[in-house]
Structures are given as C-alpha cells and as structure tokens.
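Report on the following structure.
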Amino acid sequence: MAGMRSQAMHFQARAGQKLADEVLQGALRRAQPLFTAKRQKGMASLAADGLDFGHLRAAAAAIRQAVLDDLDVWLELFEARAKARGAEVLWARDGAEVSQLVVDLARRHAVRTVTKSKSMLSEEAALNAALLAAGVRPVETDLGEYIVQLADEPPSHIIAPAVHKTIAQVDALFADAHGRPRQTRHSSDIPALAREAREILRPQFLAADMGISGANFLVAETGSAVLVTNEGNGRLVTTLPRLHVVITGIEKVVPTLEDVATLLRLLPRSATGQDISNYVSLLTGTKSADESDGPDQTVFILVDNGRAGLLGSEFEPMLRCIRCGACMNHCPVYFSLGGHAYGWVYPGPMGSVLTPLLTGLDQALDLPWASTGCNQCGEVCPVDIPLPALMRGLRERQQHQQLRPRGERWARRVWGWLALRPRLYRWLTRGLVRYLHWLADGQGRIRIFGLVPGWTAGRDLPVGPGRSFHELYAARKRD
Ligand code: SF4
C-alpha cells in the first residue's frame, strides 16, 4: 500500500528520544527478562512433552507456506463454509475500506457502542478514529489495549500493548479516567488495577451493540475463526453483542483444525511461555436456536492491505507470521527503544520487514536497518521466517531504488568493488586498522570519528584488537 502514511520515517529521531526516556528505559529493562524467561519455559515444556522445536517449527512453517501457495483456494473454501454457517463475508482492499465497511455496518444496525478485543488489523485501519468520527464509541477491552486507549497512544507491542508503561503510570491513568479514590499503593497492587478495569469494563460488555475481534487463524474446512486470549475479554466481545465483526488479514487462513492444533503448540509457548492460552475459542457462524450465547449476526472482513502483492515475491515468507511477538521479545533494538520508535502498527524485527512492505519502502527508510544482525529473531521465530535475510533484501531494494543518501550508496558501491578484490581489500583493511589505532586514545577508544560522526556522537568507539579479521583468521588456521 504505497502512500499509506506512517510515522516510520522518523525512526532515527524517535530512537534518540526513546533512549533518553528514563521511565521507558526502566519499564523495558524490567520486561525483557520476563519475556525471554517465559519463552524458555515454554520450550522446556515442549521438550518435556517429547516434542522437538525444530521439527515442530518445520511443520508449522510448511502449513503456513502451503496456505500461501494456494491462498485463493483456501480463502474461497473459507468463504463458502463460513456463509454456509450463516456468516457474512466481506472483503477489504485497504484500511480505508475496512473502516468504511465497519462504519456502514454500525449505521445499518444502529450501533452506539462497540467493544473490541485486540485486533492489529483495526490498528492498520485506524478504525477507532473512524468510529469516533461516525459517532460510535469504541471501547478496548484487552487490558493492555484499554490502558493505551486511555493514554491515547498506539500499542507498543503486538501481544503486550502497554509494556512501555510503569505501574505508576497505569495507576495515574486509571485515577484520571475512573475518578475513584485510590485505595492501594499502586506500586504493589497490579491485581487491584486489573480488578478496577474489570469493574469499569463489565457494564460496557453488557451494553455493546457490536463486538469487534481479530482472529489468530481462520479455519477453511469449518468456516471458523480461532481466537486465543488470556483475559476472557475475547469471549465476552464475541458472544454478548448482537453483532460480531471479525477483522483479519487474508493470510490468516489455515486448511484444517488439525493444522490449528499444530500451530497452537507453538503460538502460546513462543508468545507467553504457556502450554496453551487461558481461552481458545472456536467461533463458527451465528447463534443457533438451541444456543443461549452468541451473536445474531457474524461478519468476517478479510483484508488485503498490501498482502497479496507479497505473494510470489522474495518477501512472501513474511506472510507466514502468526503474530507471537517472540522476535521482538528477543531483539536488542526493540528492547532498547520500545515499540513506538517504529512509528507504525508493527514493531520489532517483524515490523522492520512488514512496515516497509505494507506502507511503502520510502515510508520506512530506516526500519530495515534497525537490527544488529544478531539473528536472535530468526532463531526464535516459530514459523521459520528468515527475518534478517528479509531485512537485507529490503536494504538491497533501497540501494537499487536510490532511497538511501548518496554518500552511503557510494560507500556501499566502493565496498562492493573492493570485496571482489580480496588482496586489495586485505591490504586496505590492514591500513584501516592501523589508522583506527592511530586515532584512538590511550584506552583504545575513539572519541571523535570525522567521516561518520554518528558512531561517536553518543559513545566512544572501541577500536578492537590490533589485527584485522583476516589476520586473526589466518593466525587461527596456522595454530
Ligand atoms: S515474525 Fe515470527 S517471531 Fe515474529 S511475530 Fe511473526 S511468527 Fe512471531
């Protein structure tokens, strides 16, 4: 969707602000070890069940890839089966069409209040703003989403939208929004804050005319949506209002329930370390005559928003993503900056690939470079998406489309020319190492680096050992 506006252009400026934000830095420092420890626990439980991550990941990747190979077939089957169970299926080309369809539905059904379960697609579509403009009140009910809605901020993580907030900040938001006397010291009482949110949200669930959710998967053979949550809000959003709208990307379809079972072995373990999430809902059609719960009408809005254009391209593997968040939980760049630095819906390594692909390469110039190249994201991805390779592919495209600064492009060309002449390359790198040592102070650090001042603007650059990589490697082979 070239031309879709995002703030991803301003990554570098935002990164500087986020690094200087001590409250944010404290929140991120506390959160990351929890995420990585949880995934480790999840992987340990996989091994305890006699399952091997590598084998399971290969199976999950194969399921997702097989869908992409015949996406039209699976989508048509899903549409037919969903309609057979009484649901309506609508298609949206982009975010604007999503918003228009939902607003039209709200008008047609005289909807005044909408409860929402977490839906990244509705973030892509900036749906809350469109609903408010149409006089419809959207209420986020996932606790993290509720917090960022009160703060008038976008989510900063795909599974933990308010991970950038401290307890004190949440307490202050609740005090402002709920107007209740504070009964407990905020620093020690997360359960009290959760209880307070639940008490405020409960009447909203009951009053809502429309519930909006995403879907973790769409099942082609049954025409169902699979929803995986931990808070139970998803069930209330999808069963209490008379109208349920599922908004999801076209790539979320999988052929069978058996495929879902395979993917569910990996999704919660990769995301939160749980063997299985607290609530796994299989939502099929509308409420039947012998059922007491469920919507009178179910509408699926299946959204392209740039996804179909990735099919058959070198970036197609990105469509395998099951939105577990493991790549960002293991990314040193994400946990140095938080999600808002990335400027659009998807942060971290998956966002660094997906945002340029969906919003336009010229709209997210720095994101493919927002990586240390450590490949932790590629290692933990449960559907084996080669994220670092995809980021390199985007950088190559930027180079070919002349989207990087001229000096940088020339430097890369010169490097490429030299890399094809190993003897000259070795001779020059030896000279460069000596030059760096000449620049360094007595502690082996460079304070000011004239040609590329960005390297030394915020810290001293260590010069490294006295020999080049080639010299060290040759010495190692000799030993
Ligand atoms: S790219 Fe992989 S690790 Fe990242 S969110 Fe998607 S499935 Fe999870």
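The values are calculated or read from the model by the stated rules, or taken from the named source; none is laboratory data. All figures in this text were calculated on a predicted structure; none of them were measured in a lab. Positions of Cβ are backbone-derived with ideal geometry, glycine not excepted, and every protein chain shown enters the neighbour counts.
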Only listed residue being in contact (Cβ under 8 Å) with a residue 40 or more places away in the chain, closer than 30 Å to PRO465 by Cβ and over 39 Å from the mean Cα position of the chain (by Cα), chosen from ARG434, ARG423, ARG430:
ARG430
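For every residue, the table says whether it meets (1) touching a helix residue (DSSP H, G or I) at 6+ places or on another chain (Cβ under 7 Å); (2) surrounded by 19 or more Cβ atoms within 10 Å (Cβ to Cβ); (3) more than 19 Å from ARG323 (Cα to Cα).
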| residue | (1), (2), (3) |
| --- | --- |
| ASP189 | no, no, yes |
| ILE212 | yes, yes, no |
| GLY223 | yes, yes, yes |
| VAL246 | no, yes, no |
| VAL253 | yes, yes, no |
| ALA271 | yes, yes, no |
Would it be correct to say that PRO154 is under 26 Å from VAL228 (Cβ atoms) and over 17 Å from the mean Cα position of the chain (by Cα)?
no
Does ALA47 satisfy being without any contact (Cβ under 8 Å) to a residue 60 or more places away in the chain, of a type outside the set (Val, Ile, Thr) and assigned to a helix (DSSP H, G or I)?
yes
Filter result for SER281 (surrounded by 20 or more Cβ atoms within 10 Å (Cβ to Cβ) and within 21 Å of ALA208 (Cβ to Cβ))
yes
How many of the residues in the stretch 128-153 are under 18 Å from ARG198 (Cβ atoms) and acidic (Asp, Glu)?
3
Among (1) in contact with a helix residue (DSSP H, G or I) (Cβ under 7 Å, 6 or more places away or on another chain); (2) buried (at least 20 other Cβ atoms within 10 Å of the Cβ), VAL333 falls short only on (1)
If you check ASP142, ASP171, which single one turns out to be among the charged types (D, E, K, R), free of Cβ contacts under 8 Å to residues at least 60 places away in the same chain and within 30 Å of PHE11 (Cα to Cα)?
ASP171
For VAL102, state whether it is of a type in the set (A, V, I, L, M, F, W, C), surrounded by 19 or more Cβ atoms within 10 Å (Cβ to Cβ) and in a helix (DSSP H, G or I).
yes
Residue ID - farthest from ARG202 (Cα to Cα), chosen from residues in the stretch 124-168 that are part of a helix (DSSP H, G or I) and modelled with pLDDT under 95:
ALA168
Please indicate, with yes or no, whether at least one residue in the stretch 255-264 is in the same structural domain as VAL114 (by TED's automatic domain parsing), touching a Cys at 6+ places or on another chain (Cβ under 8 Å), of a type outside the set (D, E, K, R) and at pLDDT 95 or above.
no
Working only within the stretch 363-406, note down all residues that are more than 13 Å from the ligand (Cβ to nearest atom) and either in the same structural domain as VAL260 (by TED's automatic domain parsing) or among the β-branched types (Val, Ile, Thr) (or both).
THR372
Within the stretch 195-210, which residues are under 19 Å from VAL299 (Cα atoms) and surrounded by fewer than 23 Cβ atoms within 10 Å (Cβ to Cβ)?
PHE205, ASP209
